[in-house]
Each structure stands twice: as structure tokens, then as C-alpha cells.
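Values in this text are rule-based calculations from the coordinates and carry no lab data. Note that the structure is a prediction, hence the values are computed from the model and not measured. Every residue, glycine among them, receives a Cβ derived from its backbone with ideal geometry; neighbour counts consider all protein chains shown.
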Amino acid sequence: MNRKGFLFTIFTLLMLVSLVFISIAYVNWYSSYKSNLVVDLSNAHKISYIVDDIASDVFELFDFDEITITRGSGLIYMQFNDLFNTSRNYSVSLDGYEEFIEDTYGSEVGAVIDLEDLEYSFAIPGYNITSYQDGPDYYVVTDRPDLIIGVNLTMTVFNVSKWTNSIEPADDGEPNPLIQVTVYDKNGATLLDAASRQNPEQNNPRFSVNFLTGDDLDIYFENDPQDGSLHINYDYDFIVHDLTYTLVDLNETIAFGAEGSVYVDPRISDIVHYGEIVGFEG
């Protein structure tokens, strides 16, 4: 019996020693886990800050920082202020900004940053709306022209030539969306103030302002590159002060993002970010 008691005591001691070592190992692992978790969370917050900072800068650089989204009575109103200014060279500004972010800013925050495919363009995925410049042409395109209730456009042109006349297209009647266009010259004189219902799913007659030089400002819906393409064409500088789209509200979250993506690697962690630049959600 004494021998059995001795063996039982030895076995119990070995079990206790094993439990002690297991406990120590667990404490060490948990301490390391918490430390790594804190580092990872810290880096995640750091990446989030960097991406938000870049998004804010890009939207300000492109004059995309003034956007208002309102809802009411089953409609959604997307208003863009000072949306597009052809007198600004966005490509040169963007090249300089990319170099600053990838070199100076990245070095200061201790991260590898790569801005890819950035261009003067924005997208609203929920409504498949995109906007972009192509030479003297500016487009706002949507895959859902059936959702358009109305469009209000206010702009200024900086033509030094005297204007001769303006043209308002014939009205297509209801239920087509109401398109309201107001155009001012650089001195604030009204060159065109017109409203007409137009079918966004076909080529339309144009809201036009004509000048002595033979140059024209044309605003119209067309089906190129697709149905629902609002097209502004002009050979001189202009600025869009206000562009408001009134659409059927799909009750979806609106994400408004600049075209392009940002890659951020904080160097000290495996956490990375690669995705589009989102400047607004609501």
C-alpha cells in the first residue's frame, strides 16, 4: 500500500508540474497574442487614417468635396457643387499629388503607398453613375436612366467672344425627366435659361449657346457611350457650379468615390489595404 501511495504522490506531482508549465505557456501565449493584437489594431487604425486622409485630399483636389445627398417622398437628390472646372489642369495636379503621397507623405508616416489609376472621375455604385472628362467633353453616365426624375445644371462659360443666340430643344413630354439648364458668361450675364423634358434613352436635340467665333456649347442626352449619357461639349473653359440629379430612391447606402485605388502597407505588419477611394457614404 505504501508503494501505491508513493506512486500516486509522484503521479500527482507530475500532473501539477505539467499544469504549471501549461499555465505558464498559456499566459506567455496570451500576452504575446494581446501584444500582437494591439499592434495589429494600431496598424489597422493607422491604415484607416492614411486612406481617409488621401481620400479627403483627392476629393478636395478634384473639387469633389462638396456633395449633398438628401432624401424625401421616395426621391433622392444628389447635388454636386463646383463639380468641374476646365481651366484647371487636373492631370498635372494629380501627377504632383501622387509623387508627394508616394514619396514624402509615405516616408513621414512610415508606410509604402501606391496610388493607382487615379483620374478625374467619380462613381456612385448604387446607381451605377459615373462621371468623367474626355478632352473637351464631359459626361455623366448612368446604367439606370429609368430612375432619373430630373436634372438641374448651372454653369459658367469663359468665352471671350460675343454670344449670338441660344437654343432650347423641343419638349418630349411626360413622363420623361425635366432637364433644367442655366448658363452664364464670365460677367454673370444669362446666356441660357431653359427647361425641357427629354428622353434620356435616346439621342436628343441640344441645349445650345452659339458664339460669333462659331463655337458652341452643347448640353444633351445621348446613347453614346450608353443610354442615359448626359453630355457637355464646349471648346472653351467652363465650370459647373451645380449639378443636381433627382432620382427614384432605391433606399440604398450611397458610396461616392473617386476613380482609382490606393494600396497601403505599413511595413511593420502584415495588414494591408487595397481598394477604391471612397470619399462619401450616406
Legend entry - Karplus-derived 3J(HN,Hα), 6.51/-1.76/1.60, for each residue of segment 200-207, Hz, glycine and proline x: x, 9, 8, 5, 10, x, 10, 6
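How would you rank 177-189, 105-117, 195-207, highest first, on the average number of other Cβ atoms within 10 Å across their residues? Kindly include the intermediate steps, with their values, before the conclusion.
Numbers: 177-189: 16.6, 105-117: 14.5, 195-207: 18.5.
Listed from highest to lowest mean packing, they are 195-207, 177-189, 105-117.
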Inset, instruction - Convert each backbone phi in segment 252-263 into a coupling constant with the Karplus relation 6.51 cos²θ - 1.76 cosθ + 1.60 (shift: θ = phi - 60°), then list the ³J(HN,Hα) values in order as whole Hz, x for Gly and Pro. - result: 10, 5, 8, 10, 10, x, 6, 6, x, 9, 10, 10
Legend entry - Contact order normalised by residue count of segment 137-189, Cα under 8 Å, 6+ apart, percent: 53 percent
Inset, instruction - List every residue whose amide H lies under 5 Å from the amide H of G260, counting only residues 5 or more places away in sequence or on a different chain, with H placed 1.01 Å from N in the peptide plane. - result: I277
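Using Cα pairs under 8 angstrom and six or more residues apart, how large is the relative contact order of segment 41-281, in percent?
After rounding, I find 27 percent.
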Legend entry - 5 angstrom amide H check on Y184, placed H, neighbours 5+ away: M155, T156, V157, L191
Inset, instruction - Take the Cα coordinates of segment 41-281, assign each an equal point scatterer, and use the Debye formula without solvent to give log10 I(q)/I(0) at q = 0.11, 0.15, 0.18 Å⁻¹. - result: -0.63, -1.03, -1.32
Inset, instruction - Normalising by the residue count of segment 133-255, find the relative contact order in percent from Cα pairs under 8 Å and 6+ residues apart. - result: 34 percent
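Need one word for segment 96-193: rounded, prolate or oblate. Basis is the Cα gyration tensor (sqrt eigenvalues a ≥ b ≥ c); a/c below 1.5 gives rounded, then a/b vs b/c decides.
Values: a/c = 3.82, a/b = 1.68, b/c = 2.28.
Verdict is oblate for segment 96-193.
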Inset, instruction - Give a residue-ordered list of calculated ³J(HN,Hα) values for segment 178-188 (Karplus: 6.51 cos²θ - 1.76 cosθ + 1.60, θ = phi - 60°; whole Hz; x for Gly, Pro). - result: 7, 9, 10, 10, 10, 10, 10, 8, 5, 9, x
Legend entry - Other-chain or far-sequence residues with amide H under 5 Å of I254's (modelled H): G282
